[in-house]
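First comes the structure, then the notes that go with it.
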Amino acid sequence: MEFDSKVKQAVEKHDENSLAHPQNWGEALLATAHPTVEHYLPLLYCMGSTDDRDAVSYPYEGFDFGSISMRMILFGETKDSESRPAE
């Protein structure tokens, strides 16, 4: 649950550096939360397609089997989307 909390905080701050180096939160914490990283790495791709103006929401937050985070992260319309130029 600690790892999930750290990920949530980093996502909300759009802190890509922390997300790219989760071992800095503790090697043991990373090894316990993600013994292999194939379920973690897609988050980095998603974060790479956002910027700090993009809204973040969590359509689902919960844990299966008491410790497996099932958090869904949704990056949506920016808060200032009307002021952004059309692409």
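The values are calculated or read from the model by the stated rules, or taken from the named source; none is laboratory data. Values in this document were obtained by computation on a predicted structure and should not be read as measured data. Cβ placement follows ideal geometry from the backbone for every residue including glycine, while neighbour counts extend to all protein chains displayed.
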Exercise. For residues in region 18-55 being in contact with a helix residue (DSSP H, G or I) (Cβ under 6 Å, 6 or more places away or on another chain) and within 19 Å of residue 1 (Cβ to Cβ), which is surrounded by the fewest Cβ atoms within 10 Å (Cβ to Cβ)?
Worked result: 23
Exercise. Restricting attention to region 33-40, does a residue exist that is modelled with pLDDT under 95, part of a loop (DSSP other than H, G, I, E, B) and in contact with a Phe, Trp or Tyr (Cβ under 9 Å, 6 or more places away or on another chain)?
Worked result: yes
For this session: Confirm whether residue 14 is within 12 Å of the chain's Cα centre (by Cα), part of a loop (DSSP other than H, G, I, E, B) and under 20 Å from residue 64 (Cβ atoms).
Result: no
